[in-house]
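**Q** Right, I'll just put the structure down here and ask away after.
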Amino acid sequence: MIYDATACPQDIAYPTDVGLLNKSREITEAIIDELHAKSPQGKKPRTYRKVARKRFLKVAQNRNPSRKVIRNGIKSQLQYLRRNFRTIEKQLDGFGVFPLAHRLQQKYWIIQTVYAQQLKMFNAKSHQVEDRIVSIAQPHIRPIVRGKARAKTEFGAKIHLSLVNGFSFLDTISWEAFNEGSHLQDYVENYRKRFGFYPEKVLADQIYCTRANRKWLKDLNIRLAAKPLGRPSAKAVENHVRPGERNPVEGKFGQAKNGYGMNRIRARLKNTSQSWIASIILVLNLVRLAGIALVCLSFSAWDWMICRVKSSYDTLLFPLNTKTQSNCISGLGFIAWAA
């Protein structure tokens, strides 16, 4: 049993604080235009959208903006957004029934949450907030900090995979970051539910190898292929860890991401994205089954060829003399080997 977790990035633009606030401001401007069109009363309220657009581009088109420039850009977008919120509330007071369509109403709720989160981070001079929204179109997406050299933060779902004899099992799929090491016991119990017995050996990353997990696996007589605690000798390390033992699960992730698009999930809805990821895992298992079936068919074809050779020998070579029979058998054997 091999365990590992990875992130499945969504196909969204890289989120920035200024970009999210600018997108929210543009949505509020569209809401103001629609409300004014449904109930035109006097002049349309001012939004200063051209000025706000210029101030956003001043930060967005800067290749290396300083912290001061970014902070000033965030501050200006927050001010324009707050002004638009007040305008929208005044316009809504003139309607007896809520006039916005469901889709635009949902976006209005989302950008209000984005404004509250960005204002909280701006006042605290921080970049962290609970349930942070990084995409207005897909508000269920959360940042997943992976600590990789290529991409320290990825935006999408995090999955946990169990690999057994080349077959992949999707244990967990979550839009929130989770510590896979704290769920090792649940994953081992899932293995017992699937196959009726515990695994003989578990290969896992260092994050799984806590003292509690080591003790729990030892009580069940399950071997843990990991580096022993403390300062073990070279022989002790060789008995527990072998180079390349966890390569199959890493290769499975590479196959899923590079071959089947799990590194760029293009579905937009939450349930659709989860179905997309699960379908990729299904395809991985189908490819594995196809490889096994190909080997079985090759053995069946070989048995069929041997039977045909024997039947040919019985029907054609029986009337011949011994020397001619041996020459023909050698020729038929070569043909079968070549086939």
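**Q** Please go through region 274-291 and pick out each residue that is in contact (Cβ under 8 Å) with a residue 24 or more places away in the chain and within 12 Å of the chain's Cα centre (by Cα).
**A** Result: Gln274, Ile277, Ala278, Ile280, Ile281.
**Q** Are any residues in region 180-229 without any contact (Cβ under 8 Å) to a residue 60 or more places away in the chain, part of a loop (DSSP other than H, G, I, E, B) and surrounded by fewer than 16 Cβ atoms within 10 Å (Cβ to Cβ), and if so, which ones?
**A** Across region 180-229, the qualifying residues are Gly196, Phe197, Tyr198, Glu200, Thr210, Leu220, Asn221, Lys227, Pro228, Leu229.
**Q** Same structure, new question: Would you point out the residue of region 253-275, among those that are small (Gly, Ala, Ser) and assigned to a loop (DSSP other than H, G, I, E, B), that is farthest from Leu163 (Cα to Cα)?
**A** If we take residues in region 253-275 being small (Gly, Ala, Ser) and assigned to a loop (DSSP other than H, G, I, E, B), then Ala267 is farthest from Leu163 (Cα to Cα).
**Q** Quick one: is Ser168 out of contact with any helix residue (DSSP H, G or I) (no Cβ under 7 Å at 6 or more places or on another chain), assigned by TED's automatic domain parsing to the domain that holds Ser279 and not aliphatic (A, V, I, L, M)? Show your work before the answer.
**A** On the way: out of contact with any helix residue (DSSP H, G or I) (no Cβ under 7 Å at 6 or more places or on another chain): no; assigned by TED's automatic domain parsing to the domain that holds Ser279: yes; not aliphatic (A, V, I, L, M): yes.
Here the answer is no, as Ser168 does not meet what is asked.
**Q** Which numbered condition trips up Arg142, out of (1) closer than 30 Å to Phe85 by Cβ; (2) touching a Pro at 6+ places or on another chain (Cβ under 9 Å); (3) at pLDDT below 95?
**A** For Arg142, the failing item is (2).
**Q** Might you check whether a residue that is crowded, with 16+ Cβ neighbours inside 10 Å and farther than 29 Å from Asn22 by Cα occurs anywhere in region 138-160?
**A** Yes: one or more hits.
**Q** Hey, among Glu245, Glu250, Glu176, which residue is out of contact with any Phe, Trp or Tyr (no Cβ under 7 Å at 6 or more places or on another chain), closer than 30 Å to Val134 by Cβ and not in a helix (DSSP H, G or I)?
**A** None of the others qualify; the one that does is Glu176.
**Q** Let me ask something else. Within the group Asn247, Asn221, which residue is modelled with pLDDT under 90, of a type in the set (S, T, N, Q) and out of contact with any Lys or Arg (no Cβ under 8 Å at 6 or more places or on another chain)?
**A** The match here is Asn247.
**Q** Next question. Would you call Lys125 within 30 Å of Glu176 (Cβ to Cβ), surrounded by 16 or more Cβ atoms within 10 Å (Cβ to Cβ) and of a type outside the set (Gly, Ala, Ser)?
**A** no
**Q** Which ones in region 173-189 are touching a strand residue (DSSP E or B) at 6+ places or on another chain (Cβ under 6 Å) and more than 15 Å from Tyr208 (Cα to Cα)?
**A** Result: Ile173, Ser174, Trp175, Ala177.
**Q** Select from region 93-147 the residues that are on the phi > 0 side of the Ramachandran plot and of a type in the set (Lys, Arg) and list them in ascending order.
**A** Lys125
The values are calculated or read from the model by the stated rules, or taken from the named source; none is laboratory data. None of these values were measured; they are calculated from a predicted model. So basically every Cβ, Gly included, is an ideal-geometry build from the backbone, and we count neighbours across all protein chains shown.
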